[in-house]
1. On the Cα set of segment 31-115, report Rg and Dmax in Å, please.
2. As an exercise, identify the trypsin sites (Lys or Arg not before Pro) in segment 1-97 lying in DSSP coil whose Cβ has no more than 13 other Cβ atoms within 10 Å.
3. Would you mind putting 361-368, 291-298 in packing order, based on average other-beta-carbon counts within 10 Å, highest first?
4. Give me the distance in nm between label points sitting 7 Å out from Cα along the Cα-to-Cβ direction at L291 and R126, one decimal.
5. Taking K258 as the anchor, which lysines have their alpha carbon closer than 18 Å to its alpha carbon, excluding any fewer than eight residues away along the same chain?
6. Find, among the trypsin sites (Lys or Arg not before Pro) in segment 300-368, those assigned to loop by DSSP (not H, G, I, E, B) with at most 14 other beta-carbon atoms within 10 angstrom.
7. If r is the Cβ-Cβ distance from T244 to A100 and R0 is 41 Å, what FRET efficiency results, to the nearest 0.05?
8. At R0 = 22 Å, how high is the FRET efficiency between D43 and V230 if r is their beta carbon distance? Nearest 0.05 is fine.
Amino acid sequence: MSVSAIMTESFGKFFLPGPTEVHPDVLATLSQPMIAHRGREMDELLGGMRRPMKELFRTQKFLLLGNCAATGFMEMAIRSGVRHRVLSLVGGAFGERFAAIGSACGRDVVKLNVPLGKTVEPDMLRDALTRSDVDAVTVVHSETATGALAPLESLAEVVKDFDDVMLLVDGVTSVAGSPVETEKWGLDFVFTGTQKAMALPPGLALGAASPRLLERAQTIPERGAYLDLVTHVKAFDNGQPTNTPTIPLLYGLREQFKRIDEAGGIEARWSRHKDMLDTVEAWMADRGEKLGFSYLPDEERRSWTVSCLNVPEGYSGRDLSHSLRDKGWTLAAGYGELRPSTIRIGHMGDHTVAELEGLLAMLEAEIE
Ligand SMILES: *Cc1c(COP(=O)(O)O)cnc(C)c1O
C-alpha cells in the first residue's frame with residue numbers, strides 16, 4: 001500500500017474547528033518545486049485564482065490574497081476600514097478579538113455584547129446604530145468559540161439604512177462552509193483563513209472587498225504597509241503577490257479550488273456542510289439529549305461548520321477531548337470560559353457525514 005493510500009485511510013478523525021484536517025491529495029501538492037515569485041508561472045498561478053475566488057465569495061468586485069493568519073485581515077479591516085469609531089458585535093472570543101484589535105489600532109470601539117451562544121439580532125443592531133455615531137460595524141458570522149451563526153443577511157439590511165457605515169465581516173468559519181453572498185447581501189469586507197472550511201494548512205488569508213470600502217481606504221492615511229487593503233486589491237487585480245508568498249500554499253489552494261469544482265462547486269460544498277449540521281442535530285435529538293448533551297446556540301442560529309455542545313453533568317469538555325484523543329479521534333474542548341462545560345466539533349472542510357457519524361459514535365461510547 002502506498003503512503004498516500006494509508007493516509008487516505010486514516011483521514012476523517014480530526015475534527016478541530018481549525019486547523020481542520022487536510023486531505024492527503026491536497027497535502028501531496030504542497031511538495032512541488034518553488035517558482036519565481038515574479039514571473040510568468042506566478043502570473044498563471046494567481047491568474048487562475050480569479051474565477052474560483054469570485055465564486056467562493058460570490059462577488060464580481062475586489063478580491064485579496066494575503067500571507068498571514070486570518071487575524072491579519074481582521075487588522076486590515078480595522079486599519080483600512082474604520083475612520084474613527086467602530087461598533088463591534090460580540091458574542092464570543094473572536095468577536096472580542098475584533099473589538100480588541102480596533103482598540104489596539106487606536107480606534108474608538110463601542111461593543112454590543114450578547115451572552116455566549118447568542119447572536120446580535122437586527123433590531124438590537126438598529127438600536128445600537130441609532131444611539132452611537134460609528135463609521136463601521138464588525139461582526140463574526142460564525143462564532144467559532146460558541147458555534148453560533150449570526151443572521152448576516154438581515155444585519156446587512158440594517159447597516160444599509162445608515163449612511164456611510166462599512167460592514168466588516170469575519171467569515172473565517174463560514175466562507176466555503178455556508179452561504180456568504182458578499183455582493184448580494186452588500187458586505188463591504190469578508191475574509192477567511194485557509195485552515196478552516198477551505199481545508200488547507202494555515203498561512204493564507206482570503207478576502208473580498210466592496211468598491212466603497214476601497215474608496216474609503218484610499219482616504220485613510222495610516223493604513224500601515226504589510227496589511228494595506230489597497231495594496232492587496234491592486235496586487236490581486238494585477239495577478240501579482242504583494243510580497244514573496246507561501247508558494248506551497250498557493251499550490252494547495254489551486255488544488256483545492258479544482259477539487260471544489262470537481263465536487264459540484266461551492267453550493268455543493270455548502271450543502272455538504274449543511275448535511276453535517278443536520279447530522280449533529282439528528283444525533284442530538286435521537287441520542288445526545290438523552291445522554292445529557294445540550295446545544296449552546298439556539299436552533300436557527302447554529303453554524304454549519306462547528307457544533308458547540310454543553311457536556312453532560314459530571315463530565316468536562318477537556319476530559320472528553322483527552323480521552324477521545326487517546327483513541328485516535330480529535331475534537332475540541334470549549335473555548336476560554338466555556339472550556340470545562342462544552343465541546344466543539346469542527347465538521348468543516350473535506351469531512352463527510354460518514355466520518356462525522358464515526359466521531360459521534362465514539363463520543364456516545366464515552367458517556368455510556
Ligand atoms: C480561527 C478564527 C480566527 C483566527 O484565525 P487565525 O488564522 O488563527 O488568525 C478568527 N475568527 C474566527 C471566527 C476563527 O474561527
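The numbers here are math on the coordinates, done by the rules we state, and not lab data. What you are looking at is a predicted structure, and each value in this text was computed from that prediction instead of being measured. All Cβ positions, even for glycine, are placed from backbone atoms using ideal geometry, and neighbour counts span all protein chains on display.
1. Gyration radius and largest Cα-Cα distance of segment 31-115: 17.4, 51 Å.
2. Numbers: sites: K13, R38, R40, R50, K54, R58, K61, R79, R83, R85, R97; in loops: K13, R38, R58, K61, R83.
Taking segment 1-97 and a limit of 13 other Cβ atoms within 10 Å, the loop trypsin sites (Lys or Arg not before Pro) found are R38.
3. Values: 361-368: 14.2, 291-298: 17.8.
Top of the packing list down: 291-298, 361-368.
4. 4.2 nm
5. Result set, ordered by chain and number: K54, K196.
6. On the way: sites: R301, R302, R318, R325, K327, R344; in loops: R301, K327.
Passing both the DSSP loop test and the Cβ count: K327.
7. Working: r = 29 Å, r/R0 = 0.72.
Calculated value: 0.90.
8. Working: r = 21 Å, r/R0 = 0.95.
FRET efficiency, D43 to V230: 0.60.
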